[in-house]
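Comments concern the structure below.
The values are calculated or read from the model by the stated rules, or taken from the named source; none is laboratory data. In this text, all values refer to a predicted model and were calculated from it rather than measured experimentally. Positions of Cβ are backbone-derived with ideal geometry, glycine not excepted, and every protein chain shown enters the neighbour counts.
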Amino acid sequence: MSTYKIAKEDNAFDLLRLILAIFVVITHGYLIGGYGSSEPLARIMGFKSSFNLGETGVMGFFSLSGYLITASFERYRNPLIFIYHRFFRIFPGFLFCLLFTSFVIAPTIYVLNNHYLSAFPWNESCSYIVNNIFINIKKVDYW
């Protein structure tokens with residue numbers, strides 16, 4: 001079976017991943033800031049819509065990742081080496097995203113909506129980090 005190598009310069013995967021990541025970060029910032037479904041796309045679509053930036057970003061990532069991870073696995077062939085490389089490729093960015101979303105994006109959105117930071121729910125930001133770093137994700141239905 002022949003494989004086709006995906007050349008970085010011949011695609012727009014990085015741009016697409018950046019756009020999808022921005023969608024997810026914006027949605028998490030609104031959720032952590034305590035504004036539930038008031039993220040921009042949900043406002044435009046109407047609050048009863050389950051279509052929002054975060055879900056769009058996650059669905060896009062899953063679609064794109066299936067394609068790219070399969071190509072990556074084809075390069076390594078050994079599952080343990082593949083898992084090792086995946087962990088150290090994903091975890092540093094994941095940790096940065098958790099910290100940035102919790103301690104920069106969410107407080108900024110809170111201040112923009114309330115004009116002060118003194119009542120920001122820091123415990124929710126810390127809980128968000130702990131739950132997500134250990135993949136203890138609980139979906140909350142805001143709609």
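In table form, for the structure just shown:
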read-out	value
All positions within region 1-34 that are at pLDDT 70 or above and assigned to a loop (DSSP other than H, G, I, E, B)	ASN11, ALA12, GLY33, GLY34
Scope region 55-94; condition over 23 Å from LEU31 (Cα atoms), polar (S, T, N, Q) and in a helix (DSSP H, G or I); matching residues	SER63, SER65, THR70, SER72
Boolean, SER102 is part of a helix (DSSP H, G or I), in contact with a helix residue (DSSP H, G or I) (Cβ under 9 Å, 6 or more places away or on another chain), at pLDDT 90 or above and closer than 26 Å to LEU15 by Cα	yes
Selection from region 70-85 of residues that are in contact with a Phe, Trp or Tyr (Cβ under 9 Å, 6 or more places away or on another chain), without any contact (Cβ under 8 Å) to a residue 24 or more places away in the chain and within 20 Å of LEU16 (Cα to Cα)	SER72
